[in-house]
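K.L.:
Here's a structure for you.
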Amino acid sequence: MNTTQIQNDIQWVLNCPNLFTPEIARLKISPIQLADATRFLEEHRNSMQVGRYFEQLVRAILEVDPFYEVIEQGLQIHADGRTVGELDFVVRDHDGKLTHCETAIKYYLYYPHTNETGSNFIGPNPADTFESKTNHLLTHQLPLSKRHYPTVDRRTTFVEGIIFYPANFEAAHQTPTHLAEDHLRGAWLHARDAMGLVDFVDDHFCICQKPHWLAPPSDEAMYMDPVTSVHSLTEHFRVGNHPLMLSRLRYREGRWEEQERLFIVPDHWPNLISP
């Protein structure tokens with residue numbers, strides 16, 4: 001287990017701006033001991049899924065935050081003999097108040113053209129859009145505790161992520177309601193355009209391995225020069241359709257620094273079905 005990467009991921013979570021505008025309340029986090037959170041995560045991490053890993057990062061932070069006590073995590077809600085949802089976290093603060101918090105790490109790509117999703121902010125899985133996620137959060141996930149956990153006093157979110165824009169694209173014509181202006185930004189391109197990466201002669205690239213899609217990859221052994229990177233991407237998409245997260249890095253003043261986060265999608269994206 002890469003302790004450095006875990007520490008960097010925790011720090012990324014602590015520093016990442018909220019994906020939502022302020023009217024959607026965000027859980028406030030106190031200063032924490034990074035080493036303690038890292039140790040907790042190393043002992044309890046059990047998923048390679050990006051979303052679950054992010055939830056575990058948040059749990060590790062909450063466990064060492066002196067202001068909170070975790071009461072529930074992943075609480076299944078049942079009604080009429082079926083599961084109707086799940087509460088990500090219920091925490092108690094120093095004032096004895098209970099807070100229901102929903103967490104998520106999301107990646108959306110700005111696609112400026114009309115498409116079958118009805119959105120211009122589309123996930124790697126085109127069935128997921130910024131608007132559909134926001135609507136589900138506000139109309140289903142957060143209200144669950146009103147009916148099924150009525151002792152909750154507050155309802156908040158902890159949602160982070162990156163919005164990717166087409167390479168060399170200036171700005172979106174219109175952004176969705178609730179998308180924060182200061183959200184993290186990256187660039188995306190179709191696999192057929194990956195050859196253009198060879199022009200970054202001063203940089204190296206690294207494919208981010210799940211679940212570490214948060215902080216820049218720390219394992220320098222995985223860094224590749226542009227030509228090798230393009231070859232690796234070409235081979236990947238020749239046999240598969242899974243999108244890839246890529247970090248573009250440059251060596252300066254004795255260390256590698258991330259210059260840009262890239263998302264590479266198959267050529268048929270955002271069509272729901274590959275031709």
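The values are calculated or read from the model by the stated rules, or taken from the named source; none is laboratory data. This is a predicted model, so every value here is computed, not measured. Counting neighbours? That spans all protein chains shown, and the Cβs are built from the backbone with ideal geometry, glycine included. Accessible surface is based on the protein model in full, side chains and every heavy atom, while ligands, DNA and RNA are left aside. Shrake-Rupley method; radii C 1.70, N 1.55, O 1.52, S 1.80 Å.
K.L.:
Kindly indicate which of Phe89, Phe169 is farther than 30 Å from Leu62 by Cα and hydrophobic (A, V, I, L, M, F, W, C).
P.N.:
After ruling out the rest, the residue left standing is Phe169.
K.L.:
Something else about it: Any residue in the range 228-245 that is modelled with pLDDT under 95 sitting within a Cβ distance under 6 Å of a residue that is of a type outside the set (Ser, Thr, Tyr)? List the pairs, counting only those 6 or more apart or interchain.
P.N.:
Once the first residue is modelled with pLDDT under 95 and sits in the range 228-245, its partners that are of a type outside the set (Ser, Thr, Tyr) give Asn241/Pro266.
K.L.:
Using beta carbons and a limit of 8 Å, which pairs, at least six apart or on different chains, have the first residue in the range 1-24 and without any contact (Cβ under 8 Å) to a residue 12 or more places away in the chain and the second one surrounded by 17 or more Cβ atoms within 10 Å (Cβ to Cβ) and assigned to a helix (DSSP H, G or I)?
P.N.:
If the second residue must be surrounded by 17 or more Cβ atoms within 10 Å (Cβ to Cβ) and assigned to a helix (DSSP H, G or I), no pairs are left.
K.L.:
While we're here: Would you be able to tell me the number of residues in the range 105-116 that are in contact with a Ser or Thr (Cβ under 9 Å, 6 or more places away or on another chain) and open to solvent by less than 40 Å² (accessible area, probe 1.4 Å)?
P.N.:
Result for the range 105-116: 2.
K.L.:
Considering only residues that are closer than 30 Å to His268 by Cβ and without any contact (Cβ under 8 Å) to a residue 24 or more places away in the chain, look in the range 126-139 and name the one that is surrounded by the fewest Cβ atoms within 10 Å (Cβ to Cβ).
P.N.:
Across the range 126-139, the extreme among qualifying residues is Asn135.
K.L.:
If you don't mind, there's one more thing I want to ask. From the list Arg39, Arg52, pick out the single residue that is under 18 Å from the mean Cα position of the chain (by Cα), basic (Lys, Arg) and not in a strand (DSSP E or B).
P.N.:
Arg52
K.L.:
Sticking with this structure for a sec: Please enumerate the residues belonging to the range 146-172 that are among the basic types (Lys, Arg) and assigned to a strand (DSSP E or B). So that I can check it myself, show each step before the final result.
P.N.:
Residues of the range 146-172 that are among the basic types (Lys, Arg), as a first pass: 146-147, 154-155.
Arg154, Arg155, listed by residue number.
K.L.:
Collect the residues in the range 125-154 that are closer than 30 Å to Pro166 by Cα and at pLDDT below 95, keeping them in residue-number order.
P.N.:
Of everything in the range 125-154, those that are closer than 30 Å to Pro166 by Cα and at pLDDT below 95 turn out to be Asn125, Pro126, Ala127.
K.L.:
Moving to a separate point now. Just one of Leu142, Leu179, Leu184 is free of Cβ contacts under 8 Å to residues at least 60 places away in the same chain and either under 30 Å from Arg248 (Cβ atoms) or hydrophobic (A, V, I, L, M, F, W, C) (or both); which is it?
P.N.:
Leu142
K.L.:
In the set Ile207, Ile162, which member is within 23 Å of the chain's Cα centre (by Cα) and within 30 Å of Leu75 (Cβ to Cβ)?
P.N.:
Ile162
K.L.:
Please count how many residues of the range 88-145 are in a helix (DSSP H, G or I), hydroxyl-bearing (Ser, Thr, Tyr) and more than 24 Å from Trp213 (Cβ to Cβ).
P.N.:
Just the residues of the range 88-145 that are in a helix (DSSP H, G or I), to begin with: 130-141, 144-145.
Add one more test, that the residue is hydroxyl-bearing (Ser, Thr, Tyr), and what stays is 132, 134, 139, 145.
Restricting the remaining residues to those that are more than 24 Å from Trp213 (Cβ to Cβ) gives 139, 145.
Of the residues in that region, 2 qualify.
K.L.:
Related question: Being hydrophobic (A, V, I, L, M, F, W, C) and either modelled with pLDDT of 95 or more or surrounded by 18 or more Cβ atoms within 10 Å (Cβ to Cβ) (or both) is the filter here, so list the residues in the range 155-185 that pass it.
P.N.:
Once the filter is applied, which keeps residues that are hydrophobic (A, V, I, L, M, F, W, C) and either modelled with pLDDT of 95 or more or surrounded by 18 or more Cβ atoms within 10 Å (Cβ to Cβ) (or both), the range 155-185 yields Phe158, Val159, Ile162, Ile163, Phe164, Leu179, Ala180, Leu184.
K.L.:
Of the numbered conditions (1) in contact (Cβ under 8 Å) with a residue 24 or more places away in the chain; (2) out of contact with any Leu (no Cβ under 6 Å at 6 or more places or on another chain); (3) at positive phi, Gly85 fails exactly one; give the number of that condition.
P.N.:
Of (1) in contact (Cβ under 8 Å) with a residue 24 or more places away in the chain; (2) out of contact with any Leu (no Cβ under 6 Å at 6 or more places or on another chain); (3) at positive phi, only one is false for Gly85: (2).
K.L.:
Now for a separate question. Please verify whether His94 is free of Cβ contacts under 8 Å to residues at least 24 places away in the same chain, open to solvent by 20 Å² or more (accessible area, probe 1.4 Å) and not aliphatic (A, V, I, L, M), treating the condition exactly as stated.
P.N.:
So His94 does not fit the description; no.
K.L.:
Among the residues of the range 221-275, count how many are in a loop (DSSP other than H, G, I, E, B) and over 14 Å from Met195 (Cα atoms). Walk me through how you get there before you give the answer.
P.N.:
Step one: list which residues in the range 221-275 are in a loop (DSSP other than H, G, I, E, B), which gives 223, 225, 240-243, 253-254, 266-275.
Narrowing the set further to residues that are over 14 Å from Met195 (Cα atoms) leaves 223, 240-243, 253-254, 268-275.
Final tally of qualifying residues: 15.
Yes/no matrix, rows are residues, columns are (1) surrounded by fewer than 17 Cβ atoms within 10 Å (Cβ to Cβ); (2) modelled with pLDDT under 95; (3) closer than 27 Å to Lys97 by Cα; (4) touching a strand residue (DSSP E or B) at 6+ places or on another chain (Cβ under 7 Å):
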site	(1), (2), (3), (4)
Asn15	yes, no, yes, no
Arg26	no, no, yes, yes
Arg39	yes, yes, no, no
Glu42	yes, yes, no, no
Arg45	no, yes, no, no
Met48	yes, yes, no, no
Glu55	no, no, yes, yes
Val58	no, no, yes, yes
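K.L.:
Considering only the range 72-119, how many residues are within 13 Å of Glu55 (Cβ to Cβ) and among the hydrophobic types (A, V, I, L, M, F, W, C)?
P.N.:
6
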